[in-house]
Every structure is written in C-alpha cells, then in structure tokens.
Amino acid sequence: MGIEIRQALLSDAPAACALLRRSIAEGCAPDHLGQSDILDNWLGNKTPQTVATWFSTPSNHAVVAERDGQLLGLGLLTQAGKVALCYVLPDTLRAGVGRALLGALEQQARCWNISKLHLHSPASSSAFFERHGYANAGKEKACFGLECDLMWKSLKTDGACDPAARKRFCNCSGE
C-alpha cells in the first residue's frame with residue numbers, strides 16, 4: 001500500500017508529537033550531537049497539546065503522511081510562507097515521504113497565493129531541500145539554539161487548485 005497524504009486531525013496530535021520527538025532525537029542526531037541543551041530546547045514545545053494547537057490554528061496547514069494507519073511524516077505550512085515542520089520517521093527516510101509532504105505544502109502555498117517559501121533546515125536535511133529546489137541563503141541560529149541553514153524557494157502561483165482551498169482563513173465577518 002502507498003503513502004497517503006492527508007490533512008492532520010486533532011486526533012493525530014499524540015502520534016504526530018511522538019513522530020516529531022523521535023525524528024529530532026534520532027534523525028537529527030548528526031545536528032544536535034546529543035547536546036542536551038540544544039536537544040531539550042528543540043523538544044521543549046513538542047507536546048501533544050502544542051501539536052494540537054498547531055493543527056487547530058486557522059493560519060496553519062498541517063498534513064500527515066500515513067501508510068496502513070501509521071503516521072510516517074508530518075508537515076506544517078504557515079500563511080506567512082514558512083515551512084515550520086517537515087519531519088519523517090527515521091526508518092522511512094529516502095522512501096518518498098518527505099517529498100510527498102513537501103509537495104502537499106507547496107501546493108497549499110500556491111492555493112494561498114504564496115510566492116516564496118522559507119524554512120530553517122538542520123545541516124543534515126539541507127541537501128534534501130536543495131534537491132527540491134530550495135536555495136541555501138546561509139546560516140542562521142534557530143530559536144532552539146542550533147545553527148541551521150535558511151532555505152527559500154520561489155513558487156509559481158498559477159492558481160491551479162480548488163477554489164475553496166484558495167480562500168484565506170480570516171476571523172472577519174465580511175466577505
């Protein structure tokens with residue numbers, strides 16, 4: 001059975017949180033090198049409650065990759081054009097999960113008429129993003145203390161998406 005990419009549900013938050021924590025602890029080990037201060041800061045906000053909040057924030061678009069009922073990856077895009085999350089289980093690296101997640105996030109960005117995406121990538125993941133068209137703009141310290149690569153990509157926003165998905169979320173009462 002193939003990989004399914006779907007909108008993240010609030011009920012996915014506990015499994016998505018466990019996936020994030022494992023991906024960071026194991027998959028990003030070459031980046032944090034087991035330094036407890038960096039790892040603790042990186043994992044500090046990775047709780048099921050926080051993940052559920054990210055999923056329910058209207059200006060976020062969260063997707064999960066799933067196969068046979070198991071979450072394999074998680075991606076999150078903000079309406080500010082930031083790819084805030086793109087993580088996969090360490091044992092599913094190089095199986096197309098990250099590519100599928102990134103493709104779904106980029107499609108949503110096009111629907112939101114976002115023409116440029118950006119993200120902070122740990123050094124061990126930068127080549128993945130470069131293979132998918134992201135340019136490396138240099139080093140920048142991420143909020144959890146790790147020096148990361150600032151990556152960006154221009155998107156063509158040709159409007160080729162479902163008109164309902166194109167509508168930006170807002171809390172206003174007008175049309």
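The values are calculated or read from the model by the stated rules, or taken from the named source; none is laboratory data. Keep in mind that this is a model prediction, so the values were computed, not measured. Methodologically, a virtual Cβ is constructed for each residue, glycine included, from the backbone with ideal geometry; neighbour enumeration extends over all protein chains shown. Only protein heavy atoms, including side chains, enter the accessible area calculation; ligands, DNA and RNA are left aside. Shrake-Rupley method; radii C 1.70, N 1.55, O 1.52, S 1.80 Å.
Some points to look at:
- Which of Thr47, Thr53, Thr92 is most accessible, then next, and so on - probe 1.4 Å: Thr53, Thr47, Thr92
- Accessible surface ranking that places the most exposed of Ser121, Ser36 first, with a 1.4 angstrom probe: Ser36, Ser121
- Taking only Cα atoms of the chain, radius of gyration then Dmax in Å: 15.9, 51
- Per-residue ³J(HN,Hα) for region 138-146, Karplus 6.51 cos²θ - 1.76 cosθ + 1.60, θ = phi - 60°, Hz, x for Gly and Pro: x, 7, 8, 6, 6, 5, 9, x, 8
- Shape category assigned to region 82-152 from the gyration tensor of Cα positions, a/c cut at 1.5: oblate
- Net length available on complete extension from Gln49 to Glu140 is 30.0 nm, with 0.36 nm assigned per residue and the Cα-Cα distance removed.
- Residues whose placed amide H lies under 5 Å from that of Cys148, excluding near-sequence neighbours: Glu140, Lys141, Ala142
- Portion, in percent, of the accessible area of region 85-160 that falls on carbon or sulfur, probe 1.4 Å: 50 percent
- Solvent-accessible area of Cys17 with every protein chain in place, 1.4 Å probe, in Å² to the nearest 10: 10 Å²
- Label-point gap, in nm, between Ser59 and Gln35 - each point 7 angstrom along Cα→Cβ: 3.0 nm
- Solvent-accessible surface ranking, highest first, for Phe55, Phe128 at 1.4 angstrom: Phe128, Phe55
- Shape of region 39-136, Cα gyration tensor, a/c cut at 1.5: rounded
- Residue-normalised accessible area of the chain, given per residue in Å² at a 1.4 Å probe: 52 Å²
- Straight-distance candidates among the lysines for linking to Lys116, with alpha-carbon spacing under 21 Å and chain neighbours fewer than 8 residues away dropped: Lys82, Lys139, Lys141, Lys153, Lys156, Lys167.
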